[in-house]
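The values are calculated or read from the model by the stated rules, or taken from the named source; none is laboratory data. Not measured: the values here are computed from a predicted model. We place every Cβ from the backbone using ideal geometry, glycine too, and count neighbours over all the protein chains shown.
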Ligand SMILES: *[C@@H]1O[C@H](CO)[C@@H](O)[C@H](O)[C@H]1NC(C)=O
Ligand SMILES: *[C@@H]1O[C@H](CO)[C@@H](O)[C@H](O)[C@H]1NC(C)=O
């Protein structure tokens, strides 16, 4: 659509000078016509729909395309039935609420490679076409952006100014904090006021913003629940959110390493949804490989898929059920195999 619009614009810009020169040379009627076209064009250009197909716009009232999100979750995310359920519910409710009482806050938990970054990307892309590259989507990685503890007060001021500045410019801004468990508690305090049930903070409303927190915290607990489920012969897909939710909020809350940030956020009920990412099994790894092959326009050869999946390492030692890097190294392994 953007390309088509671009072409159309290109065409007008090309023809316009000729219309003008032809009009001036021939007769006043043509001049009038040309001016008419020019002003129609100006109107067309300033029309939001058209403008926003060329330039990225802040998303105001445009509803979420639930079907598109559903399809993305179904086709791109593997082995995470609980994540699909929570994210779809959270996003549908929040995006259709004209008057939310607080910003949407999602807390994503699980081992690396289970899809936390991936789901942040999917959410971003379903709000802004440019996804993580959108100027309305902001990704902070604790160990990259806030790595020096002695600069805490600078980080604090900066972060608050950024959140304020960006939300003032666009109410539907998305902030993603990766490695939340490594974020300094002081910075969590700095974010907290933005997450709360305030109508406004210094004249700015944060209620349409979205905050996504990623952490490994609770990954061990989630694995334990999944493993118990498996050992008792139950189907993974029958696992329900309630099987994990309490364990997760209590467990993460009490864990020394992650308790710092959670205690202050959970205490005040600032987190709307806990999203548990289950450890991935051999069959899910195979799905990731097949999807990656397909994305690169290669044939999904079952032999190659199995070979790569078998190269991954699985835990626990005895049962070897779960991939210890989830699907994280799939792309790199594929590079090697395709080179050969
Ligand atoms: C919503 O997404 C679906 C699937 O991608 C697409 O077919 C449909 O046209 C979209 N609807 C709107 C209103 O954009
Ligand atoms: C928005 O956030 C980015 C960081 O993602 C920052 O560089 C930028 O200055 C912020 N914009 C405003 C207006 O504060």
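Being surrounded by fewer than 21 Cβ atoms within 10 Å (Cβ to Cβ) and not in a helix (DSSP H, G or I) is the filter here; which residues of segment 79-117 pass it?
Listed by number, the residues that qualify are 97, 98, 99, 100, 101, 102, 112.
List pairs: first in segment 161-177 and over 18 Å from residue 118 (Cα atoms), second in a helix (DSSP H, G or I) and more than 8 Å from ligand 2 (Cβ to nearest atom), Cβ under 9 Å, 6+ apart or cross-chain?
163/190; 163/191; 163/194; 164/194; 167/194; 172/95; 172/127; 173/167
To keep it simple, each residue is scored yes or no on (1) closer than 29 Å to residue 284 by Cα; (2) in contact with a strand residue (DSSP E or B) (Cβ under 9 Å, 6 or more places away or on another chain).
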residue	(1), (2)
118	yes, no
124	yes, yes
155	no, no
164	no, yes
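Given the structure, is residue 146 more than 18 Å from residue 271 (Cα to Cα) and more than 16 Å from ligand 2 (Cβ to nearest atom)?
Numbers: more than 18 Å from residue 271 (Cα to Cα): yes; more than 16 Å from ligand 2 (Cβ to nearest atom): no.
Against the criterion (more than 18 Å from residue 271 (Cα to Cα) and more than 16 Å from ligand 2 (Cβ to nearest atom)), residue 146 does not qualify.
Scanning for something away from ligand 1 (no atom under 16 Å from the Cβ), in a loop (DSSP other than H, G, I, E, B) and exposed (fewer than 13 other Cβ atoms within 10 Å of the Cβ), does segment 185-199 turn up at least one residue? Break it down into steps so the answer makes sense when it comes.
So the first thing to find is which residues in segment 185-199 are away from ligand 1 (no atom under 16 Å from the Cβ), and the list is 185-199.
Adding the requirement that they be in a loop (DSSP other than H, G, I, E, B) leaves 196-199.
Now narrow it down to the ones that are exposed (fewer than 13 other Cβ atoms within 10 Å of the Cβ): 197, 199.
Within segment 185-199, one or more residues are away from ligand 1 (no atom under 16 Å from the Cβ), in a loop (DSSP other than H, G, I, E, B) and exposed (fewer than 13 other Cβ atoms within 10 Å of the Cβ).
Residue check, residue 176 against (1) in a helix (DSSP H, G or I); (2) in contact with a strand residue (DSSP E or B) (Cβ under 6 Å, 6 or more places away or on another chain), all met but one. Which one?
So the condition that residue 176 fails would be (1).
If we scan segment 59-72, do we find a residue that is at pLDDT 85 or above, away from ligand 2 (no atom under 16 Å from the Cβ), out of contact with any helix residue (DSSP H, G or I) (no Cβ under 7 Å at 6 or more places or on another chain) and within 16 Å of residue 212 (Cβ to Cβ)?
No, because not a single residue in segment 59-72 is at pLDDT 85 or above, away from ligand 2 (no atom under 16 Å from the Cβ), out of contact with any helix residue (DSSP H, G or I) (no Cβ under 7 Å at 6 or more places or on another chain) and within 16 Å of residue 212 (Cβ to Cβ).
Determine if segment 117-131 includes at least one residue that is within 14 Å of ligand 2 (Cβ to nearest atom), within 21 Å of the chain's Cα centre (by Cα) and without any contact (Cβ under 8 Å) to a residue 40 or more places away in the chain.
Checking segment 117-131: not a single residue is within 14 Å of ligand 2 (Cβ to nearest atom), within 21 Å of the chain's Cα centre (by Cα) and without any contact (Cβ under 8 Å) to a residue 40 or more places away in the chain.
Can you find a residue in segment 90-104 that is more than 25 Å from residue 198 (Cβ to Cβ) and away from ligand 2 (no atom under 14 Å from the Cβ)? Give the derivation first.
At the first step, the residues of segment 90-104 found to be more than 25 Å from residue 198 (Cβ to Cβ) are none.
No, segment 90-104 has no match at all.
With the structure loaded, tell me whether residue 168 is crowded, with 17+ Cβ neighbours inside 10 Å, in a helix (DSSP H, G or I) and touching a strand residue (DSSP E or B) at 6+ places or on another chain (Cβ under 7 Å) or whether it fails that test. Spell out how you get there, then give the answer.
Working: crowded, with 17+ Cβ neighbours inside 10 Å: no; in a helix (DSSP H, G or I): yes; touching a strand residue (DSSP E or B) at 6+ places or on another chain (Cβ under 7 Å): yes.
So residue 168 does not fit the description; no.
State all residues of segment 301-321 that are within 16 Å of residue 113 (Cα to Cα) and either in contact with a strand residue (DSSP E or B) (Cβ under 9 Å, 6 or more places away or on another chain) or in a loop (DSSP other than H, G, I, E, B) (or both); if no residue qualifies, say none.
Within segment 301-321, 309, 312, 313, 314, 315, 321 meet the criteria.
Among the numbered conditions (1) surrounded by fewer than 20 Cβ atoms within 10 Å (Cβ to Cβ); (2) in a helix (DSSP H, G or I); (3) modelled with pLDDT of 85 or more, tell me where residue 247 comes up short.
Here residue 247 clears every test but (3).
Select, from 168, 120, 107, the only residue that is within 28 Å of residue 248 (Cα to Cα) and either within 16 Å of ligand 1 (Cβ to nearest atom) or at pLDDT 95 or above (or both).
Details: 168 fails: within 28 Å of residue 248 (Cα to Cα); 107 fails: either within 16 Å of ligand 1 (Cβ to nearest atom) or at pLDDT 95 or above (or both).
The match here is 120.
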